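Working notes, beginning with the structure itself.
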Amino acid sequence: MKKTGALLLGLALSLFALFPLSAREAAYTGEDYNIRLFYNDVAFPGDAVFVRMIIEQNGKKNKDKQLEETSATLELFNSEKRLDKAAFYSLPSDSSKTRLTLLAGIALSSWLNSSDSYKLSVKYKPYGGQTMEFELPFGLDKKDFEEYTLQATQGMTNIQNDRSEKRMKQIEKLNKALGTFDTKGVYQTTAFVPPTQATRRTSYYAERRIYKYTNGKEVTSLHYGTDYGIPTGSKVTSCAAGKVVVAENRVTTGWSVCIEHLPGLYSLYYHMSELKVKEGDTVKAGDLIGLSGATGFATGPHLHWEMRLNMSAVNPDFFVNDFTFSASAQ
């Protein structure tokens, strides 16, 4: 039997760097603990929703139990249909014996319909005990994505048809890295920064593309990142602190880097001409990781910047904001 607690909701507006989003605060009082939550109750298709959950003890009823044993799950629903779920993980730097700070994020498909009805559900087990549950209001704003046709080169056609063992192993390696959810992998919870000082963009996240290949085939696909039109040899820097989990010359994406920033959250940098990091390195926001180029599946020099949350591609611009609500929780 699920238990539902009454929520005290208060709206606090927060202006994000690129896209204005509403930061909402919710509160719940348990037997010997208080819960505060901060999250974006409105987003665009292709963005994400993040919930920061702070649990603080306010009595001695469970003084012999460990607060850190509390677990929680975030779920996204379209009406009564669950679309996705994500486990909360702890933020050690914001936690103590009597205070536990948890964070969870869910990617929002760019195909979601903003006119549908959505809601969030938080299920948690205080001290590892009985499951409690409450709902959070959530909605989507309308967003249109561009569609266009792109004429592929012979080199791009060759890559599209490549079924070599080398390419398949590279795809498997990257997918394995992106599918890793390391609860200890907490490197940065503040706003990220763009990977280049350039501002000229040649392609945007979630564009609907029709590729026309030289062999006559046409393939429709989504563009998973943001492309910056910069000359070969331009500096490419890490968007946030993290650990380099992939750094190699890939058949599809050329010289590429993948960096872990939070459990299940990764940034990717494609088509570079040279790498300045190796797998296993730790980096800070703004550290040099490579030089731009036109390697792999590319029509010309540019940087492809991509973000993946729990395997799903998410609009990179979303993260150039206080998406974990670190400032709101102070």
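Of all accessible surface on the chain at a 1.4 Å probe, what whole percent is carbon and sulfur?
Ligands and nucleic acids excluded, carbon and sulfur reach 50 percent.
Need one value: the accessible area of Thr98 in square angstrom, 1.4 angstrom probe, rounded to the nearest 10.
80
Within the chain, which is the longest segment containing none of the trypsin sites (Lys or Arg not before Pro) that sit in a DSSP loop and have at most 15 other Cβ atoms within 10 Å?
My reading of the result: 218-277 is the longest stretch.
In the full protein assembly as shown, how much of Val186 is accessible to a 1.4 Å probe, in Å² to the nearest 10?
The accessible area of Val186 comes to roughly 40 Å².
If R₀ is 25 angstrom, what is the calculated FRET efficiency for the pair Glu147 and Asn175, using the beta carbon separation as r and rounding to 0.05?
0.40
Hey, what angle do you get for helix 165-178 against the long axis of the chain, alpha-carbon based, 0 to 90 degrees rounded to 10?
Computed tilt is about 20 degrees.
Report the antiparallel proportion of the DSSP beta bridges in segment 133-277 as a percent, rounded to a multiple of 5.
80
Suppose accessible area is computed on protein heavy atoms with a 1.4 Å probe; arrange Glu56, Glu165 from highest to lowest.
Putting Glu56, Glu165 in descending order of accessible area: Glu165, Glu56.
Among (1) 0.99; (2) 1.23; (3) 1.07, find the value of Cα Rg over 2.2 N^0.38 Å that was calculated from the structure presented, and write down its label.
Identified label for the calculated read-out: (3).
Name the lysines eligible as straight-distance cross-link partners of Lys60: C-alpha to C-alpha under 17 Å, and not fewer than 8 places from it in the same chain.
Output for Lys60: Lys97.
Compute the FRET efficiency between Thr183 and Thr214 as 1/(1 + (r/R0)^6), taking r as their Cβ-Cβ distance and R0 = 56 Å, and round to the nearest 0.05.
0.75
Just from its helices, what would the mean residue ellipticity at 222 nm be for the chain, if runs of 4 or more DSSP H residues each count -39500 (n - 2.57) and the sum is divided by every residue, rounded to the nearest 500 deg cm²/dmol?
Value at 222 nm, helices only: -2000 deg cm²/dmol.
Ignoring ligands and nucleic acids, what accessible area does Ser221 show with a 1.4 Å probe (Å², nearest 10)?
Only protein atoms counted, so the area is about 40 Å².
With a 1.4 Å probe and all protein chains left in place, how much accessible area per residue does segment 31-73 have, in Å²?
42
The values are calculated or read from the model by the stated rules, or taken from the named source; none is laboratory data. Just so it is clear, the structure is predicted and the values come from calculations on it, not from any experiment. As a convention, Cβ positions derive from the backbone with ideal geometry for all residues, glycine included, and neighbour counts pool all protein chains shown. Remember, those area values only see protein heavy atoms, side chains included, never the ligands or the DNA or RNA. Shrake-Rupley method; radii C 1.70, N 1.55, O 1.52, S 1.80 Å.
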